[in-house]
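Participant: What follows is a single structure, and I will ask about it in a moment.
The values are calculated or read from the model by the stated rules, or taken from the named source; none is laboratory data. From a predicted model like this one, the values you see are computed outputs, not experimental measurements. Neighbour counts run over all protein chains shown; Cβ positions are idealised from the backbone, glycine included. Remember, those area values only see protein heavy atoms, side chains included, never the ligands or the DNA or RNA. Shrake-Rupley method; radii C 1.70, N 1.55, O 1.52, S 1.80 Å.
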There are 4 protein chains.
Amino acid sequence: VRVTLTDALATARDPDARLASTFRLQEFEAIARERMTPAAFDYVAGGAGDETSLGENVAAWRRRILRPRVLVDVSTVDSSATVLGSRVAMPLAIAPMASHGLAHPDAEVAVARAAATAGVPFTLSTMSTRSIEEVAAAAPDGIRWFQLYIQEDRGLARAFTERAAAAGYRAIVLTVDLPVLGIRERDRRRGFTLDVPLGNFAGRTEFAGRTDPKASATDGYAMVAGVREASLVWADIATIRGWTDLPLVLKGILTAEDARLAVDHGADAIVVSNHGARQLDRVAAPIDVVEEVVAAVDGRAEVWVDGGARRGIDLVVARALGASCVLIGRPILWALAAGGEAGVDRALAILREELEVALALVGAATLSGIARTHVG
Amino acid sequence: VRVTLTDALATARDPDARLASTFRLQEFEAIARERMTPAAFDYVAGGAGDETSLGENVAAWRRRILRPRVLVDVSTVDSSATVLGSRVAMPLAIAPMASHGLAHPDAEVAVARAAATAGVPFTLSTMSTRSIEEVAAAAPDGIRWFQLYIQEDRGLARAFTERAAAAGYRAIVLTVDLPVLGIRERDRRRGFTLDVPLGNFAGRTEFAGRTDPKASATDGYAMVAGVREASLVWADIATIRGWTDLPLVLKGILTAEDARLAVDHGADAIVVSNHGARQLDRVAAPIDVVEEVVAAVDGRAEVWVDGGARRGIDLVVARALGASCVLIGRPILWALAAGGEAGVDRALAILREELEVALALVGAATLSGIARTHVG
Amino acid sequence: VRVTLTDALATARDPDARLASTFRLQEFEAIARERMTPAAFDYVAGGAGDETSLGENVAAWRRRILRPRVLVDVSTVDSSATVLGSRVAMPLAIAPMASHGLAHPDAEVAVARAAATAGVPFTLSTMSTRSIEEVAAAAPDGIRWFQLYIQEDRGLARAFTERAAAAGYRAIVLTVDLPVLGIRERDRRRGFTLDVPLGNFAGRTEFAGRTDPKASATDGYAMVAGVREASLVWADIATIRGWTDLPLVLKGILTAEDARLAVDHGADAIVVSNHGARQLDRVAAPIDVVEEVVAAVDGRAEVWVDGGARRGIDLVVARALGASCVLIGRPILWALAAGGEAGVDRALAILREELEVALALVGAATLSGIARTHVG
Amino acid sequence: VRVTLTDALATARDPDARLASTFRLQEFEAIARERMTPAAFDYVAGGAGDETSLGENVAAWRRRILRPRVLVDVSTVDSSATVLGSRVAMPLAIAPMASHGLAHPDAEVAVARAAATAGVPFTLSTMSTRSIEEVAAAAPDGIRWFQLYIQEDRGLARAFTERAAAAGYRAIVLTVDLPVLGIRERDRRRGFTLDVPLGNFAGRTEFAGRTDPKASATDGYAMVAGVREASLVWADIATIRGWTDLPLVLKGILTAEDARLAVDHGADAIVVSNHGARQLDRVAAPIDVVEEVVAAVDGRAEVWVDGGARRGIDLVVARALGASCVLIGRPILWALAAGGEAGVDRALAILREELEVALALVGAATLSGIARTHVG
């Protein structure tokens, strides 16, 4: 059991020693708040509407009660798992998030490298600061997935999938819960706009005249508006499915009905997600509907969950309820802001240790030893 | 989809730019608190007894969980609905409230005009600052309803319905939950009395010698006392029903039993309401009894709901539970106090945008696409 | 309907005008805190243990939801009721409490007079400041009950019942939940002892040498210790029952089992009570077990309830659940401390108005019109 | 009934009179906070992870509602019970805890003596400050149990059981919920390590070269790491069972499944425990799973409970749910820090009084009179 944090590694890259005082993912948030602009911090932290779901996403995990078993041999704990056919060091992936450059100049390059070091998949957003190719070059051995927003010009969307496949990304994660942008009042109060460069668009001839890679405040939103696709329907999934041989993941499903449709339309995995509570307020915390979705999918696809996970223990809960991977978002950007790649290294090391200890203490040497009865 | 607030319009009428910083209905409250007298503010804000229900009215909406569906074509979202035979821009109406003059000198004229602009019905109270005719002249094309308190002299009450019909009001909303006035301690502590003019009584010969149109503090309450009708019973509903061909709406019902009686006595619509928690404390939040009432009514009348709605999302929740219209009260008076007609314009624009985004994000291009399964 | 507070009366006796600012029973507490010694205030206010039940007693009422009915003729509301054969102005009685002299020099005389004025029963404690006879003389027409603690010398206890009967008290209320004194930490921290005179013992020859009517600190507790009866058992109830023709009320029952035993042993009424949460912490709030007790008693005795009631609305809730009388304690002592007899007058006037308005607003002209369905 | 605190005794040993102001166990905590180093205080007070379970352990008891019975003869209350064949003054034992020397120089000697005085069992931890033999000599007549951590060298572990038996300890309490150490962030933030002497190891030839009895910070954790046994499995229980004739108690079980296995493997008693919420966060509060365990054990072993008990009333709750003994931990160390042996005397006297009063007030003269129906 690897129960000690790799402090030496983290502190070596932590000149001001702030990282060394972080012992849980939540603690990166305060450092990030100091290091990001208020508007960028709020863009990452904020949610839709009254932010009821934002709080519920975290609270829902905490309501789950573990049922630990004792006197099981846990002298060797193995936290690894298989996700979409890849062996990962723990059943966790970095959630797709726009514009890591808001948090740190190394942006997605730093996070992808830390993910590769930790042995967990990294998901690159269409709206990333660094490009598909740049991130692939920086973390060539890491497991990388590409998150796709569908452009109104479907040819452009297809080109993205081809670039991702060419650059060694192993899955396409299609966001299905952004037909229109949710109302995030923090951004309106701050007058915030995405005014950082968009790496996947910059200097690409196919976007010439369509968007400004260094979008102005207004243009930033215009670009997002251009990206979102209110007319995307289930029938389109077959088309998209045909663009690539990569596994297709549908992200943003919260009901058994849509989960069934997703597998009927060829999804290889479903991410139970409310988009980090950034789209529609007063929806279920994803972990609270995992069981409904797992039952509907009935083993025909992988079920993952996204939203509010903060602890290694959450990975055990997700597994017990039938979700084979947990995507983590905001805490990774906080860690990035707090310490660049070293910050993300530390965040992932904390999660890894927490997961290993949780496995040992619930009495399971491996994740396959986790049963439904491990959660009350 | 109209997803951008009509900021230009609002700011043009907003010399001190306070309106431009409001992004949710609750934010008008703080501005209203500055601009109204403490006693008038508390008269509007207060509730009965311990104000337990006052808080519950708002909290009950927030407990409802939406179940959004994805990959539905929402490229054109239409938030319109039909309410009592009129097409409205959204399934929302301005609740009847006394004495808008407490909030702003333009009083009901401003609110009725903003409602007409927004395409939603406005309900004029018997106890309004401006008269039936004045409001009709100011918003001739708007959908207007008249809220009726029954006078002890039934001839006077009937005369009100005739004035309303003559002035183009499209429904009579009869308040049935004020046999006596609830105990509102804020008013007692402030020594508050309705000392603004009552437009429907001023200069009318039929009230000569009965009330003082500019009632003194004591007289204000005396007039309300004169208006309320503790002896009004179900048998009277048939009489009132016979006074007019306008649809008859009974407002203030909280039980299946009374809902059944209402339709048996010819009500065209029922407003599930606890009078903004101003009458009896510790009653159900209206949204929590909508389903009970809808089941009892069984399609024989429209069921509306009133109390605590603050968000466009609430209109989706109401619809899913079977209520076809939501009445909104206090936030409209706050918006009126904050910015006159422009304030109410902005409040209604916020609700409209919230509703349209909510429809898109739950996966319904129109309200008729909302099903019971959209709420958990 | 009498909906206006008798302010004139109250203010006439309220030289410093503090009473006139009280609009709910809870508001007397702050004034009482100023006017009583800290130790006496805490003796009255405190509860057992962690005071969990102390808070629950009040909170439990607030959780109950009324189901108001409309369009019922409530032009005449009659709040009167019959309790143990006496007609009372409202189904409320003053709970027995020791040593009203802690709150005001007029002590039980003031409270008994105010109760008589208001038409509600007053219960005199064995441990009162003023004697059985003094209180009877001060409020000869009032309905008075006598609360009995059983002395180890049963002859003394019987003598109390005979004095009460002779002085026109109409019932014996036997406390059955004080086999030992509960642990009230506030009193221990304050070093509090009952050091006010005990009117029922002072100057009585039968107690000569047994107690000091002006007990010292230690003696005060010693006397209470002498009063409580840890060996009192059900078989004794028949004996006590035989001492008097007055109705026998057993106070302090919280289970269906004991309620059945109480009626089997001849109780005319049962008070569902946890002794104001002063005896054992973490017991049910009385209102929460009323239905269990009512079902067990099955009409063979009256069921009353005691603990946490603060509002006229509570009397409606109690009635709907089957309790025909509500005993109110601490707020009466607060009102006594705040304004002597005039304070209690005002407290009872507030309750009366609240009850009448609640009856009108739930749609019941009389208490007999209250049904189980009036509470959700 | 002994209802008065033995204040004379306590104050005699309480030169600064702080103890005399403690009336509930929680009050020792504030004094302990002043008298212990911040790191030592936090080591005792802290829990695993977010400390969700730490709070729940206490809260769960408070949610239980007692159902008191009246008119039962409680003139003589007897709080004694039989636990593992020993008669104890109350069904309570001192939980095993490491390094009492962190709280007070008299360490386990003081606590064991106070336990003996109070007639309750004391459990000595393997990781104690004072040795097995020293504690036995100091409290020769007390009921003493020995808590065992299994060393990797099983011979050393067996030697501990033999030393305990030789020194008159009456049971072996085997901790089964520490395969690895839980993550306690307070200790990490403080940089805390167990740097007090470990009495059971000091000067013992069998440990020569294995551990430093006055372990340095790092060594302290190293020693704990050496002690814990991630490979301990059910099959080992038979081996351990064979080392001694003493009763074998398995501590740290939270499920019916493991409870069944425990009795199948010869456990004489089971401690339902989450290790004071120090191992895995988000597990059930022990009292909440007692009934599940009692049902599974079905009388084949004693069931005890550990975690969060603070009141004598909790012993009644535990008994009603089927747990025959309650282990109390942190409050004892707080009391030790606050006043040495006299502090623990007072803490146990408070519990004893609370238990006796609770028995009288629920209507049970003895613990065997407590039934399941005494808890709602």
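Participant: Principal axis lengths of segment D:322-371 from Cα atoms, whole Å, largest first?
Facilitator: Computed over the Cα atoms, the extents are 36, 20, 11 Å.
Participant: Calculate the FRET efficiency for residue A:59 and residue D:238 from the Cβ-Cβ distance with a Förster distance of 51 Å, rounded to the nearest 0.05. Working shown, then result.
Facilitator: Numbers: r = 44 Å, r/R0 = 0.86.
With a Förster radius of 51 Å, E is 0.70.
Participant: Separate question: Taking the Cα of residue B:372, stepping 7 Å toward and past its beta carbon, and measuring to each backbone N in segment B:299-328: which are under 16 Å?
Facilitator: Counting backbone N atoms under 16 Å from the label point, the list is B:299-300, B:303, B:317-324.
Participant: Quick check for me: using +1 on Lys/Arg Cβ and -1 on Asp/Glu Cβ, what's the dipole size of chain A about its Cα centre, in debye to the nearest 20?
Facilitator: Numbers: 41 positive and 47 negative charges, 87 e Å.
The calculated dipole for chain A is roughly 420 debye.
Participant: Could you identify the residue of A sitting closest to the A-B rotation axis by Cβ and state that distance rounded to whole angstrom?
Facilitator: A:63, 11
Participant: Would segment A:43-110 count as rounded, prolate or oblate if I go by the C-alpha gyration tensor, calling it rounded below 1.5 in a/c and otherwise prolate when a/b exceeds b/c, oblate otherwise?
Facilitator: Oblate is the answer for segment A:43-110, as a/c is 1.5 or above yet b/c matches or exceeds a/b.
Participant: Apply the Karplus parameterisation 6.51 cos²θ - 1.76 cosθ + 1.60, with θ equal to phi minus 60°, to every residue of segment D:94-106 and state each ³J(HN,Hα) to the nearest whole Hz, in sequence, with x for glycine and proline.
Facilitator: 7, 5, x, 9, 6, 6, 4, x, 5, 9, 6, x, 6
Participant: Work from the charge dipole of chain D (Cβ charges, +1 for Lys and Arg, -1 for Asp and Glu, about the Cα centre) and give the residue of D:173, D:76, D:284 farthest towards its positive end.
Facilitator: Result: D:76.
Participant: Roughly how many debye, to the nearest 20, is the charge dipole of segment A:271-344 about its Cα centre, given +1 on each Lys and Arg Cβ, -1 on each Asp and Glu Cβ, and no other charges? Numbers along the way, then the final one.
Facilitator: Numbers: 7 positive and 9 negative charges, 44 e Å.
Here the size comes out at about 220 debye.
Participant: Okay, next question. Using the charge dipole of the protein assembly as shown (Lys, Arg: +1 at Cβ; Asp, Glu: -1 at Cβ; taken about the Cα centre), state which of B:92, A:233, A:363 has its Cα farthest towards the positive end.
Facilitator: B:92
Participant: Looking at chain C, what % of its DSSP beta bridges pair antiparallel, to the nearest 5? Intermediate values should be presented prior to the final figure.
Facilitator: On the way: 4 of 31 bridges.
For chain C, the DSSP antiparallel bridge percentage is about 15.
Participant: By the scheme Lys and Arg +1, Asp and Glu -1, what is the net charge of all other residues having a beta-carbon under 11 Å from that of residue B:320? Walk me through the numbers before you get to the answer.
Facilitator: Values: positive: B:64, B:67, B:319, B:372; negative: B:291, B:314.
Computed value for this residue: +2.
Participant: Hey, what did chain B get for relative contact order, percent, Cα under 8 Å, at least 6 apart?
Facilitator: Numbers: 816 pairs, mean separation 106.1, N = 376.
For chain B, the relative contact order is 28 percent.
Participant: Let's see if you can work this out: charge +1 on each Lys and Arg Cβ, -1 on each Asp and Glu Cβ, no other charges. What is the dipole magnitude of the protein assembly as shown about its Cα centre, in debye to the nearest 20? List each step's numbers first, then the result.
Facilitator: On the way: 164 positive and 188 negative charges, 82 e Å.
With only Lys, Arg, Asp and Glu charged at Cβ, the dipole is about 400 debye.
Participant: Within segment A:20-42, find all residues whose amide N lies under 11 Å from a label point positioned 7 Å from the Cα of residue D:189 along Cα-to-beta-carbon.
Facilitator: Only A:22-24, A:27 pass the distance filter.
Participant: Provide, as a two-decimal number, the C-alpha radius of gyration of chain D over 2.2 N^0.38 Å, N being how many residues it has.
Facilitator: Numbers: Rg = 19.5 Å, N = 376, 2.2 N^0.38 = 20.9 Å.
It is 0.93.
Participant: Follow-up question, since we're still on this one. Could you run the numbers on buried accessible area between B and A, total for both chains, 1.4 angstrom probe, in Å² to the nearest 100? Let's see the in-between values first.
Facilitator: Values: alone 14590 and 14590 Å², together 26340 Å².
Summing both sides, the interface buries roughly 2800 Å².
Participant: Between copies, how far does the label point of residue A:166 sit from its twins, in nm, shortest first, when each point is 7 Å from Cα along Cα→Cβ?
Facilitator: 7.9, 7.9, 11.2
Participant: Okay, next question. Give me the Kirkwood hydrodynamic radius of segment D:259-359, using the inverse of the mean 1/r over all pairs of distinct Cα atoms, in Å to one decimal. The partial results should precede the final answer.
Facilitator: Details: mean 1/r = 0.0691 Å⁻¹.
One over the average 1/r among Cα pairs gives 14.5 Å for segment D:259-359.
Participant: If you don't mind, there's one more thing I want to ask. For the protein assembly as shown, state the semi-axes of the equivalent ellipsoid (square roots of 5 times the eigenvalues of the alpha-carbon gyration tensor), sorted largest first and rounded to whole angstrom.
Facilitator: Calculated on Cα positions only, the semi-axes equal 55, 55, 25 Å.
Participant: To one decimal in nm, how far is residue A:366 from the same spot in the other copies, if labels go 7 Å from Cα toward Cβ? Please give the shortest first.
Facilitator: 5.6, 5.6, 7.9
Participant: Give, as ranges by residue number, the residues of segment B:186-204 whose backbone N falls under 18 Å from the point 7 Å along Cα→Cβ of residue C:17.
Facilitator: B:188-193
Participant: If Lys and Arg each add +1 and Asp and Glu each add -1, what is the summed charge of the other residues whose beta carbon sits under 14 Å from the beta carbon of residue A:235?
Facilitator: Numbers: positive: A:154, A:241; negative: A:229, A:236, A:264, B:73.
Charge balance near residue A:235 sits at -2.
Participant: Out of all DSSP beta bridges in the protein assembly as shown, what portion is antiparallel? Express it as a percent rounded to 5. Working shown, then result.
Facilitator: Numbers: 16 of 128 bridges.
Among the beta bridges of the protein assembly as shown, antiparallel pairing accounts for roughly 10 percent.
Participant: Measuring label to label, 7 Å along Cα→Cβ, what does residue B:38 give against each other copy in nm, shortest first?
Facilitator: Here residue B:38 shows inter-copy label distances of 3.0, 3.0, 4.3 nm.
Participant: Helices from chain C with mean Kyte-Doolittle at least -0.5 and a Cα length along the axis of 30 Å or more, per DSSP H: which? Could you put the intermediate results ahead of the total?
Facilitator: Numbers: long enough: C:330-362 (33 Å, 0.85).
TM-like helix candidates: C:330-362.
Participant: With unit charges on the beta carbon (Lys/Arg positive, Asp/Glu negative), name the residue among B:253, A:256, D:104 whose Cα is farthest towards the positive pole of the charge dipole of the protein assembly as shown.
Facilitator: Ranked along the dipole, the leading option is D:104.
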